[in-house]
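> Take a look at this one; I'll ask things after.
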Amino acid sequence: MSETILETKGLTKHYGGVHALEDADFILEKGEHVAIMGDNGAGKSTFVRQITGVEQRTRGTIVFDGTEVNFSGPLDAREAGIETVFQTLALADDLNVPDNLFLGREKTMFNWLGPFRILDYKTMREATLAGLEKTAVKIPNIRNTIANMSGGQRQCVAIARTATFASKLTIMDEPTAALGVQETAQVENIVRTLKEQGESLILVSHNMRQVFDLVDRIVVFRRGRIVANLNKDDTDGQDVVAYITGAKTGAEYEGAA
Ligand SMILES: Nc1ncnc2c1ncn2[C@@H]1O[C@H](COP(=O)(O)OP(=O)(O)O)[C@@H](O)[C@H]1O
Ligand SMILES: [Mg+2]
């Protein structure tokens, strides 16, 4: 029997009169990789922002790892074990790789010094190298600041956080939208590694090839609603596009998984 890592019921977000997300019932099983697809403005990022505590939902419930959760902010979600990689990278340009990985959860030593705690750089560097190794990402010098890195390297650092902290759920919102072919391939390899490690993953993507290469299931959003929940093996690109455009409606949709 599979176990559920994430379940939303009736998840809804209105921005004033804009119904960005309406009644989303969504289930993710442990170890499962699911893609969220949909046209621009379909509500994909809004869905992600409600789950990750970036915004407060209008209504609905979120159960994460067996507990109903109300994250007050993204750090709350991260502490609970949700790592998020956004299209616009949430990395600090002026910091090096370990500092970025440990941002908000720095390792310290001599904690009895109270407010004068000392950052444990050695431990942070070692954990960083271990995390990067898991993702097979090559960063020439982790002491370089992020500002000097390519888009692909930056994205890999963001994703390496997931591997470093053994999170329970990784969410990627269009992680390769701004990347070149080779960098995209590198990110996709990390996703495969995460699958092998049993990590649960939600991948928001427009890239049909990528989605069919990487995930088990495809959930389609349209105008703020979930309109299809498709096993990869029972569907094809044409079918998915039909749901995205509304040529095919969600009459067959019977709720998540
Ligand atoms: N902060 C906001 N204020 C008002 N409207 C928003 C806000 N964020 C998103 N929206 C609207 O919500 C809808 C869904 O947006 P979004 O979730 O970004 O879609 P997607 O990620 O699928 O492209 C769009 O109509 C968008 O304009
Ligand atoms: Mg989006």
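Read the figures in this text as sums done on the coordinates, not as results from a lab. Not measured: the values here are computed from a predicted model. Virtual Cβ from ideal backbone geometry, glycine too; neighbours counted across all protein chains shown.
> What net charge do the residues around L11 carry, taking every other residue with its C-beta under 12 Å from that of L11, with Lys and Arg at +1 and Asp and Glu at -1?
Neighbourhood net charge equals +1.
> Let me ask something else about it. Got a sec? Which residues in the range 219-240 would a label at R192 touch, if it sits 7 Å along Cα→Cβ and we count backbone N under 17 Å?
Those under the cut-off are none; the list is empty.
> Right, here's the next one. Can you list the HN-Hα couplings for the range 21-38, worked out from phi with the Karplus curve (6.51, -1.76, 1.60; θ = phi - 60°), rounded to whole Hz and with x for Gly and Pro?
9, 9, 6, 7, 9, 9, 10, 10, 8, 4, x, 7, 10, 10, 9, 10, 10, x
> Quickly work out the Q238-to-K138 label distance, labels modelled 7 Å from Cα along the C-beta direction, and quote it in nm with one decimal.
4.2 nm
> Pull out the extension gain between T67 and L95, defined as 0.36 nm times the separation in residues minus the alpha carbon to alpha carbon distance; nm, one decimal. Before the final figure, lay out the partial values.
Working: separation 28, 0.36 × 28 = 10.08 nm, distance 3.45 nm.
Extra length from T67 to L95 when fully extended: 6.6 nm.
> Also, I was wondering about something else. R0 = 35 Å: FRET efficiency of R59 with F212, Cβ-based, nearest 0.05?
Between R59 and F212 the formula returns 0.55.
> For the range 5-14, in order, what is each residue's ³J(HN,Hα) by Karplus, 6.51 cos²θ - 1.76 cosθ + 1.60 with θ = phi - 60°, in whole Hz (x at glycine and Pro)?
9, 9, 9, 10, 10, x, 5, 9, 9, 10
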